[in-house]
Amino acid sequence: MSKELIRNFSIIAHIDHGKSTLADRILEKTSAVEKRDMKEQILDDMDLERERGITIKAHAVTVKYKAKDGKEYTFNLIDTPGHVDFSYEVSRSLKACEGAILVVDASQGVEAQTLANAYLAVDNDLEIFPVLNKIDLPAADPDKVLEQIEHVIGLDTEHAVLVSAKTGVGVDEVLEKIVEVFPPPKGDENNPTAALIFDSWYDSYRGVVILTRVFEGKIYPKMKMKFISTGKVYEVDEVGIFTPKMTKTKELKAGEVGYVIAGIKNIQDTKIGDTITEDGKECAEPLPGFQEMKPVVFSSFFPTENTHYEDLRDAMEKLKLNDAAFVFEPETSDALGFGFRCGFLGLLHMEIIQERLEREYNLDLISTAPSVEYKITKTNGEVIFVSNPSKMPEPQYIQKIEEPVVNATIVTKAEFVGPILQLCTDRRGIQKRLEYLSQERVLIEYELPLNEIVIDFYDRLKSVSRGYASFDYSIAGMRESNLVKLDILVNGEIVDALSVIVHKDKAYYRAQALTRKMKELIPRQMFEVAIQAAIGRRVIARTTVKALRKNVLAKCYGGDITRKRKLLEKQKEGKKRMKAVGKVKIPQEAFLAILKVN
Ligand code: GTP
């Protein structure tokens, strides 16, 4: 197949603007997928998805399209994950493409992820054309949205197409634009092989499946392929494409996209963004921009029952098989015993993993408040990275602390600008841009400490905007900041898993709010419990949980047995998520109390 007839592209969009619906229409209109098979194939796809947990990974579908010029084109439609936590993977997927379709809901207009994704596509030098979707809706205002795209994103709208992915209007024109606007791939199949890994996952039957875009040379069965970042060599078993079913082919050549199977057992060997070459006939240099995915959000997981430690380890190892971005290492807490310190790409990633551990592996976990990684320069000049507040050196040994900051984009209705600016200021943000997209919609850009985002920023944003704000962010770098460790003491003992890092100016207020919250959350016990917050040795807030006087059953007068049982069951429920710290039982909520004070 001539390279001239290949088009590699992605569809990018803000969530719910119709990316999946448009992709379905494109598959349906291209010869590879007959309409009657459509449902079945989409289901297949969903099974795959289900096996892998959630749509966090990209995949690629190869279809044929007979264009108006009479020629048959091969389209490789490369899917991108939709959440900010996985923007690294979006970026990888875009590197496999020459073009991107930017879908914007014509009734909504440009949203935060529209911008973030468009910028990623521009950074990757892709040709882009906008699709204004949902023009069947009465509220659709394509002219206004076109104006926003030109004005705010700075994108040429000459090739924009008005579409209803729902009714199918405009989809034929999209197919023609793909041929017309996106360039064919470059590269030479006779050069030494250079292919980009843009996705991989573990299949229990076939081992690791690699998704790759070949830029130079080719990949074929029996070839000795080498991963540049690790130097590991594997013999290729099979190559092929997704139609969307896995379909074997003879080879994958420069310009093509497909899968490679090579009996690889360990997903860690196939790093997303790595370059595949041929052993003994290596390409001169790796494809540009290989950068390992780094966790940015950290939390510790402890089993509520110490006997479940090994189960937790097994479960996490299984999850990691399919998720190279999830990292963990054993941790011992004075308060909580044996557990693991875990690293994630973001908050959603963390929630997914925790939920899967609890649901699929039936584990009861205590998790600590999410934290970020700080760069600390000690007074002796040593530089260390600390992601666990309890591991922070004592204040007298710290010369300076730097924290990760992000560039955040928020799009909202004009009426919520005031409260949102207030929120961003409260969260130590620095305003970068404020622009009216139209009379009623506003684009806001802020530099914000990641630490302030992991502490319930989404929830606050949602509540101050009554849900009318879209949000996206990307890591921007490190910023020096006046931070301190706030310890919580229960009956005089520091509970290491409750320590948090906060800005000095807010420490006093946070300490008050935290101890008050703890008092609400820690149930009364047979004795008095003192709760204190301290910076170093200085106690800056305190409360007391009064001792329990009666036992719960006393209320029932011995009469109503069902009520009694209910009460006991309720107690047992509550107990499940408690951890005894010394003599005091502390519930899970207390470890996340920092997320609940503001
Ligand atoms: P995620 O997969 O969640 O990221 O969203 P998406 O961008 O893929 O959006 P999806 O295709 O799931 O569409 C979101 C919603 O919009 C669905 O309820 C669709 O049925 C609806 N939708 C998509 N295209 C159109 C359209 O052209 N007109 C109308 N009226 N609704 C549409």
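The values are calculated or read from the model by the stated rules, or taken from the named source; none is laboratory data. Predicted model, so just to flag it, every value in this text is computed and none were measured. Cβ atoms come from the backbone with ideal geometry, glycine included; neighbour counts cover every protein chain shown. The protein model used for the area step is the full one, side chains on, heavy atoms only, and it has no ligands, DNA or RNA in it. Shrake-Rupley method; radii C 1.70, N 1.55, O 1.52, S 1.80 Å.
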Point to revise | Answer residue from segment 236-249, given it is in contact with a strand residue (DSSP E or B) (Cβ under 8 Å, 6 or more places away or on another chain) and among the charged types (D, E, K, R) and is most open to solvent (accessible area, probe 1.4 Å) among those | key: LYS248
Review point. Of the residues that sit in segment 111-135 and are farther than 19 Å from VAL442 by Cβ and of a type in the set (D, E, K, R), which one is nearest to the ligand (Cβ to nearest atom)?
Key: LYS134
Exercise for review: Examine segment 97-104 for a residue that is more than 16 Å from the ligand (Cβ to nearest atom), buried (at least 20 other Cβ atoms within 10 Å of the Cβ), in contact (Cβ under 8 Å) with a residue 40 or more places away in the chain and in a loop (DSSP other than H, G, I, E, B), and state whether such a residue exists.
Suggested key: yes
Exercise for review: Determine which member of the set LEU115, LEU162, LEU77 is in contact with a strand residue (DSSP E or B) (Cβ under 9 Å, 6 or more places away or on another chain), open to solvent by less than 10 Å² (accessible area, probe 1.4 Å) and not small (Gly, Ala, Ser).
Suggested key: LEU115
Point to revise | Test set (1) open to solvent by 20 Å² or more (accessible area, probe 1.4 Å); (2) closer than 19 Å to LEU595 by Cβ - TYR361 fails condition number | key: (2)
Check your understanding: Going through segment 217-262 one residue at a time, which ones are closer than 15 Å to GLY207 by Cβ and in contact with a Ser or Thr (Cβ under 8 Å, 6 or more places away or on another chain)?
Key -> MET225, PHE227, VAL239, GLY240, TYR259, VAL260
Point to revise | Complete set of residues in segment 517-529 that are free of Cβ contacts under 8 Å to residues at least 40 places away in the same chain and loosely packed, with under 15 Cβ neighbours inside 10 Å | key: GLU520, ARG524, MET526, GLU528
**Study point:** Yes/no for THR379 being in contact with a helix residue (DSSP H, G or I) (Cβ under 7 Å, 6 or more places away or on another chain), surrounded by fewer than 21 Cβ atoms within 10 Å (Cβ to Cβ) and not assigned by the TED database to the domain that holds HIS308
**Key:** yes
Check your understanding: Within segment 540-550, is there a residue that is at pLDDT below 85, of a type in the set (A, V, I, L, M), loosely packed, with under 11 Cβ neighbours inside 10 Å and not in a helix (DSSP H, G or I)?
Key -> no
Revision key, fill the gap. Those residues of segment 448-477 that are part of a strand (DSSP E or B), among the hydroxyl-bearing types (Ser, Thr, Tyr) and either more than 18 Å from the chain's Cα centre (by Cα) or surrounded by fewer than 20 Cβ atoms within 10 Å (Cβ to Cβ) (or both) come to a total of 1
